[in-house]
Amino acid sequence: MSADTQSNGSSIKKLLLTVTVLLIIMSLFIPAEWYKSNMVSELRMGELITGKSGFHSQILPFANELYNDFFVQTGINSALTNYYAPLPVSADPLEQTFNNISGIFYPFFINLAKMINYHNYMIVYRMALLSFWLPFFCIILVPSLIAGVCRWKRKQYDFSYVSPFLNRRSMKLIGLAVFLVALSILIPLPVPPVINAVMALFVIPTSIILMISNLPKQI
């Protein structure tokens, strides 16, 4: 692989990370009510693609349990709810002036606290939704590994072409899929729930088949 190709790959990775960090920072300043309405829509989409039975009996209870363990029991939820309160009225005019100035920022901090609380719940919900697809991923993973090995073995004994290009690109595609799954869990923006299903049930297994089947014939 040439130095230019490696440089371009490194630049793309840096660009992805930079854009991700900027999106996370910028999205913390969006209105909490707008995020809440999109959060409800995302929950409804999750219910639609997983079915009401599995959604209400498995995904939501697991998400609520995770949120209780990670954020309620640890005090993070209450700290965010109560961390900013308006200052009391002061008889001192100078002190009251500073209180009025701080009150200007009160709606912003309240919105930020709500936004973070909503997003904390969405993180654990997306983890719970991903766990719903995990058994299906494991079921598909085993045949994908077997199919990749069988195709690779066949190429060892005939004149089929082994593509280093497909091998490298498949590995990069797997890495990109894992990155996008992690990003879809962490980013405080509405995420269609079908993305993780497509990544786990189609993109990664297909990439694994291509990666293994295009390994060098002699390792």
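The values are calculated or read from the model by the stated rules, or taken from the named source; none is laboratory data. Everything numeric in this text was worked out from a predicted model, so none of it was measured. Note that each Cβ is placed from the backbone with ideal geometry, even for glycine, and that neighbours are counted across all protein chains shown. With ligands, DNA and RNA removed, areas are computed over all heavy atoms of the protein, side chains included. Shrake-Rupley method; radii C 1.70, N 1.55, O 1.52, S 1.80 Å.
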> In the range 130-148, how many are over 17 Å from residue 203 (Cβ atoms) and surrounded by 13 or more Cβ atoms within 10 Å (Cβ to Cβ)?
Replying inline: 2
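Residue by residue, here is whether (1) under 19 Å from the mean Cα position of the chain (by Cα); (2) of a type in the set (A, V, I, L, M, F, W, C); (3) surrounded by 15 or more Cβ atoms within 10 Å (Cβ to Cβ) holds:
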| site | (1), (2), (3) |
| --- | --- |
| 16 | yes, yes, no |
| 22 | yes, yes, no |
| 33 | no, no, no |
| 52 | no, no, no |
| 58 | no, no, yes |
| 63 | yes, yes, yes |
>> Which residue is most open to solvent (accessible area, probe 1.4 Å), if the candidates are limited to the range 156-174 and must be part of a helix (DSSP H, G or I) and at pLDDT below 85?
In response: 157
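Give the residue that is nearest to residue 132 (Cα to Cα), with candidates limited to residues of the range 1-14 that are at pLDDT 65 or above and either of a type in the set (A, V, I, L, M) or surrounded by 12 or more Cβ atoms within 10 Å (Cβ to Cβ) (or both). Step through it out loud before you land on a result.
Just the residues of the range 1-14 that are at pLDDT 65 or above, to begin with: 10-14.
Now restrict to residues that are either of a type in the set (A, V, I, L, M) or surrounded by 12 or more Cβ atoms within 10 Å (Cβ to Cβ) (or both): 12-13.
Numbers: 12: 31, 13: 29 Å.
Across the range 1-14, the extreme among qualifying residues is 13.
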> Do we have any residue at all in the range 166-180 that's touching a residue at least 60 places away in the same chain (Cβ under 8 Å) and not basic (Lys, Arg)?
Replying inline: yes
> What is the one condition in (1) touching a Ser or Thr at 6+ places or on another chain (Cβ under 8 Å); (2) within 21 Å of residue 14 (Cβ to Cβ); (3) open to solvent by 50 Å² or more (accessible area, probe 1.4 Å) that residue 206 does not satisfy?
Replying inline: (2)
> So which of 187, 212 is modelled with pLDDT under 90 and either within 12 Å of the chain's Cα centre (by Cα) or surrounded by 18 or more Cβ atoms within 10 Å (Cβ to Cβ) (or both)?
Replying inline: 187
> Could you say which residue among 126, 151 is open to solvent by less than 50 Å² (accessible area, probe 1.4 Å) and among the basic types (Lys, Arg)?
Replying inline: 126
